[in-house]
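> Here it is, the structure, as structure tokens.
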Amino acid sequence: MGVTVKSWLSKLSFRTGVIVLAMCIPFYIISFAQMALPISTSLKGVLWVIFFGLAKTAQYGGLTILGARGIKRLKAYLQRDKKG
């Protein structure tokens, strides 16, 4: 297996990185919001681990896709959007 996950992710587009990174937001929300459901404590724990894990995977995967140059590009876009 010559291709590592990191090298494969870094070949994906900037847009894909932003989408993957944005997916961590609903996963974080779901991981904590499900605590309000009327289900058993053990099931809440399992659901928290699953959704929190998905959030962390989307977060780090998105950051890996974007890379340092992509992060600078995203920051510049957000700052330009605030000014305009």
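> About its Cα centre, how strong a charge dipole does the chain have in debye, to the nearest 20, once Lys and Arg get +1 and Asp and Glu get -1 at the Cβ?
540
> Let me ask something additional. Which FRET efficiency value, to the nearest 0.05, is calculated for Leu12 and Gln79 with the Förster distance at 35 angstrom and r the Cβ-Cβ distance?
0.90
> Calculate, in nm to one decimal, what Ile29 and Thr4 gain on full extension: separation in residues at 0.36 nm each, minus their alpha carbon distance.
6.0 nm
> Expressed as a whole percentage, what fraction of the accessible surface of the chain belongs to carbon and sulfur atoms when a 1.4 Å probe is rolled over the protein heavy atoms?
69
> Let me ask something else. Using alpha carbon centroids, what distance separates the range 6-31 and the range 44-59, in Å?
Cα centres, the range 6-31 to the range 44-59: 14 Å.
> Here is a follow-up. How about Lys75: which lysines have a C-alpha closer than 27 Å to its C-alpha, ignoring those fewer than 8 places off in the same chain?
Lys6, Lys11, Lys56, Lys83
> Can you give the direction-averaged projected area of the convex hull of the alpha-carbon atoms in the chain, in nm²?
Result: 7.6 nm².
The values are calculated or read from the model by the stated rules, or taken from the named source; none is laboratory data. Since the structure is predicted, the reported quantities are computational estimates derived from the model, not experimental observations. Every residue, glycine among them, receives a Cβ derived from its backbone with ideal geometry; neighbour counts consider all protein chains shown. These area figures cover heavy atoms from the full protein model, side chains too; ligands, DNA and RNA do not enter into them. Shrake-Rupley method; radii C 1.70, N 1.55, O 1.52, S 1.80 Å.
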